[in-house]
Each structure stands twice: as C-alpha cells, then as structure tokens.
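The values are calculated or read from the model by the stated rules, or taken from the named source; none is laboratory data. Owing to the predicted nature of the structure, the values given are computational and were not obtained by experimental measurement. Glycine also receives a Cβ, built like all others from the backbone with ideal geometry; neighbour counts cover every protein chain displayed. Ligands, DNA and RNA are stripped out before the accessible areas are found, and what is left, the full protein with its side chains, is counted by its heavy atoms. Shrake-Rupley method; radii C 1.70, N 1.55, O 1.52, S 1.80 Å.
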Amino acid sequence: MFNKRIKIKEVIGLDQELNDVTVMGWVRTFRNNQFIALNDGSTNTNLQVVAELGLFEDTLLKRITTSAAIKVTGKLVKSLGKGQNIELKAVSIDILGDSDPEQYPLQPKKHSLEFLREIAHLRFRTNTFGSVFRVRHSLAFAVHKFFHERGFLYLHTPIITASDAEGAGEMFRVSTLPLDNPPKDANGNIDFKEDFFGKATNLTVSGQLEGELGATAFGEIYTFGPTFRAENSNTARHLAEFWMIEPEMAFHDLEDNMNLAEDFIKYIIRFAIEHNLEDLSFLDQRLADEEKLLPTDKRSEMSLLEKLNFVVDNDFERITYTEAIDILLNSSAYKKKKFQYDVKWGIDMQSEHERYLVEKHFKKPVIVTNYPKEIKAFYMRQNDDGKTVAAMDILAPGIGEIVGGSQREERLPLLTQRMAEMNIPEEELWWYLDTRKYGTVPHAGFGLGFERMVLFVTGMTNIRDVIAFPRTPKSAEF
Ligand code: ATP
Ligand code: MN
C-alpha cells in the first residue's frame, strides 16, 4: 500500500514524540537547505520538515523546490524553533513529482487575486484559496446536514429543461442541431422538432418549479445543484454558472418561509465557525490587511469573525417593501441625491438601495417582504391589497440579495390569471398547474445563491474567487 500517511492537520495536533511518521504534500518553501515548509491541503498550517545537514545527497536537496511533491518519513519531535510546536525530522525523503522553479508561476509571495484567477488551476495551492475552498466545503456539507436533520428530501431537479417560462434570467440553449445549417420549418424558423429532444431546450435557471412538484408530495424538499444564467452583466456578484439551494415546503406561509431561511443561514454559518475556525481566522486577518489599504470610512466596522458571530446571535430585521421605500425616501443619501437610480414605490430596488438599507440603516441582514407584483414572478402569491405579492428577499451586508423567495400562489384561478397577464402559455406548464388541481396546499420556498453565501462567510469580495472555475462572460477557461 502506497498511502500510509498522516494528514498534516492531524500531525500538527499531536503533542507526543513519534517515530515512523509519513507525510506527503507539496513544498511551499525550502530554507537554508534544511527547513521544508510542507503543505498537503488539509490545513493552511505548514508542517516544518527538517532535512538535517549532511544526511541527504545534494542532488536530492536540489529537487526540493516550491510545489515539488514529496513523501517524507521521519520522527516527530518537539520543535526548538519559533512558530511551531513540533517538527518532522526526516529519515527519508522521496521526490514524487518535480516542479521546475524557473517555470512554476506561484512564488512564495503575495499575488493579486486577479493574477490568481488567470492560473485558477494552481490557485488552490495558496493559503487564501485553501481556506476559501475548505470553508466552501463545510458550508455545502452543512446545507445537507441542516435539511436532513429536519426531514427534508434532497430532490435532484433536471439540468436540461424545456420550460423557459420562469423568467429568472437569460438562458443558455441546449441543442445538437448544426449551427451552420439548422433545419427550418415552413416559415423559415429553426425547426426544433428535429432537435435532440424534439423541442427547444435550455440549461435550467432554477429548480423551483420541479421542486414544488416534490413538495406537494413529500412535504419538504430541497435542491442543491448548478444553475445557469446568461447574465451579460459583468459584476462581482453574478456568475453564468452558479450553485443554488432551493427548499420548497408544503404547509408553509411567508412567515414560516422567513423563519426557515433565517434558521438555515445561521445554522450553516455556525457550522463553519465550529469547524473552520483556523481558516476563518486566516480570512479574517486577510480581510483586515486588505482593508488597511482603504480610507477609514470604507473599512468595515466589524472584523469578519465579529460579523459572522453578530449574524448568528441577532435577529434579522424584517420590513415590508413599502417600509423599505419610505426609509430610502427619508434617507439623507436620497435627499442629497447620492443614489444613481431614482426611488419611488414600484421600483425594482438597485443594489445601491439594498446596500443602503443593510449597511447604513440597519447594519444587519434584512428581510424585505411584500413586493409589488409587477416586479416579481408569476408564481408568487397575491396579497389581498391587489398590489403586492408574498415575496421575501434577504439582503446581506456587503453582498446585497442573498435569498429570493415567496409563498407560492396555490389558488388556480389567481395563478392562471397572473400567467395570462404575463403572457405565459398554460400549455407549457400544464404539469405545474396540475399541483393546483389535485390537492393544492399553501406552500412556500426560496433560493439561496451558494456562492453569495460563500462570499459572505469568507469575506471575499469577488464571486469569481469563491467558485473553483468561474464561468463569466468571455471566460470559460479550465
Ligand atoms: P439578482 O437581483 O442579484 O440578480 P435575482 O433576483 O436574479 O438576483 P433569484 O432569481 O431570486 O435572483 O435567484 C435566487 C438567488 O440566486 C439570489 O438571491 C442570489 O443569491 C442567487 N443568484 C442569482 N443570480 C445569480 C448569479 N448570476 N450568480 C450567482 N448567484 C446568483
Ligand atoms: Mn438576476
């Protein structure tokens, strides 16, 4: 057996001397021809490996370069040096894979995040991305744990869909027709009857509609999968391919929905604090260092860990859309014409408005409810005022919208009336409408953009830095 190793995370936790310890990893630095800082991805803390002078051939030592993969067996001893409690005194060192120092693009120094995006295939080997992706893993695990503990069923909704009715965003077409010479119908339009599925298909923008089908049988389901939006806006919060978590619950109204979303967000943050404190402390320090370069009024009032603990320990603010608009209209930012976009009842709030509410006014996450029906999707439940729907968005400091959800319209006549008003053909959604015909129930759900959650928890500021290989306009490398 080759892999008889101990992970470095475990090794550095040991406090007794131990013979015959094997570790494997990638060299971060090699100092004085003697001290190797070894990392295996299990933690940001490097293990100090000591190659005692005179014990190893020069030809071998020359091959211990940054990012070379090595296997070391030796004796774990108390370290006399500063910075670590223990170190590994090497008895044997094997080079598993060389790394040419002349060519290797990552030097043991600080690189810009922009540069690291260009070498996203190697950026996992930096401390920042090591921490970000271990935290991302924990959050994903916590998502499943939360819903599983509450008896939700994990439903896998399709990636390829024929419905483009939802209007959540621009879609990517899926087709096997020849691009240069597609078959045409009698009117000269592309004939999708000849396409693979016999109709036009796209990549999904949301699993919600199928999720509702599950909820109206299992009671409570969630999805957690990739979604695709051909967003042409190049922002720090939008990806063309992102992961979304979408719970759908029968027998839930808007308030139940909000309670669940708030509990859920707090639960997964708490899980990360409990399981990834080392990584979060590193990211906390990273953010503090970044912010030192900003003018004082642009710096966060809380450190990353303070912010996370604050969110876990405090209730989210809950206001209606109408109240939100009033707050904006009465703000000094509005009166001093600091907003780029106008404010009045009926607008789809821009991110500057959302950020004002969250960062300036309430200084905590805010749940905004009961939006004008004109700016929301057809499936949201109409309120009795005839003007608003039972929608809820959760806005987070530094991120803006992190959750979008609603109580769903369970009353068939009201649902079809909204569809007619919005020109959504009933034939296309016959299967969706069936749930309203056969045992319809009050139900609700929401979508949480997973990368926005990872942004929030890691304190990173660009969504491209919290997904392994970002897909954005004009960029699909790796
Ligand atoms: P936004 O106004 O920020 O574009 P949206 O209203 O289009 O968001 P929804 O359709 O409600 O968003 O999607 C649910 C959640 O998915 C959002 O709250 C957000 O967290 C996330 N999300 C939406 N679009 C993207 C995207 N392009 N990249 C990453 N996450 C996204
Ligand atoms: Mn959008």
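Could you tell me which residue of the stretch 426-454 is nearest to ligand 2 (Cβ to nearest atom), considering only residues that are small (Gly, Ala, Ser) and farther than 16 Å from ALA390 by Cβ?
Quick first cut of the stretch 426-454, residues small (Gly, Ala, Ser) only: 439, 444-445, 447, 449.
Filter again for farther than 16 Å from ALA390 by Cβ, leaving 439, 449.
Values: GLY439: 33, GLY449: 9 Å.
For the stretch 426-454, the residue satisfying everything is GLY449.
Just to be sure before I move on: is PHE456 within 22 Å of THR223 (Cβ to Cβ), touching a residue at least 60 places away in the same chain (Cβ under 8 Å) and part of a loop (DSSP other than H, G, I, E, B) in the structure I sent?
Numbers: within 22 Å of THR223 (Cβ to Cβ): yes; touching a residue at least 60 places away in the same chain (Cβ under 8 Å): yes; part of a loop (DSSP other than H, G, I, E, B): no.
For PHE456, the condition - within 22 Å of THR223 (Cβ to Cβ), touching a residue at least 60 places away in the same chain (Cβ under 8 Å) and part of a loop (DSSP other than H, G, I, E, B) - is not met.
Within the stretch 155-171, how many residues turn out to be modelled with pLDDT under 95 and either touching a Lys or Arg at 6+ places or on another chain (Cβ under 7 Å) or open to solvent by less than 80 Å² (accessible area, probe 1.4 Å) (or both)?
10
Just wondering, is there one or more residues in the stretch 368-378 that are in a strand (DSSP E or B), open to solvent by 20 Å² or more (accessible area, probe 1.4 Å) and more than 30 Å from THR201 (Cβ to Cβ)?
yes
Only one of these is open to solvent by 50 Å² or more (accessible area, probe 1.4 Å), of a type in the set (Phe, Trp, Tyr) and more than 19 Å from the chain's Cα centre (by Cα): PHE152, PHE124, PHE141, PHE115. Name it.
Only one candidate qualifies: PHE115.
Can you work out which of the residues in the stretch 92-115 that are touching a residue at least 24 places away in the same chain (Cβ under 8 Å) and not in a loop (DSSP other than H, G, I, E, B) is nearest to ILE12 (Cα to Cα)? Show your work before the answer.
Pass one, the stretch 92-115, residues touching a residue at least 24 places away in the same chain (Cβ under 8 Å): 93-101, 104, 106-108, 113.
Among the residues that remain, those that are also not in a loop (DSSP other than H, G, I, E, B) are: 93-97, 113.
Details: ILE93: 19, ASP94: 21, ILE95: 22, LEU96: 22, GLY97: 24, LEU113: 29 Å.
Here the residue is ILE93.
Report yes if ASP297 is away from ligand 2 (no atom under 16 Å from the Cβ), open to solvent by 30 Å² or more (accessible area, probe 1.4 Å) and closer than 25 Å to GLY214 by Cβ, otherwise no.
Numbers: away from ligand 2 (no atom under 16 Å from the Cβ): yes; open to solvent by 30 Å² or more (accessible area, probe 1.4 Å): yes; closer than 25 Å to GLY214 by Cβ: no.
So ASP297 fails the test.
Any residue at all in the stretch 185-200 that's open to solvent by less than 20 Å² (accessible area, probe 1.4 Å) and away from ligand 2 (no atom under 16 Å from the Cβ)?
Yes; the residues of the stretch 185-200 include at least one that is open to solvent by less than 20 Å² (accessible area, probe 1.4 Å) and away from ligand 2 (no atom under 16 Å from the Cβ).
What is the one condition in (1) in contact with a Lys or Arg (Cβ under 9 Å, 6 or more places away or on another chain); (2) in contact (Cβ under 8 Å) with a residue 24 or more places away in the chain; (3) away from ligand 1 (no atom under 16 Å from the Cβ) that ASP191 does not satisfy?
So the condition that ASP191 fails would be (2).
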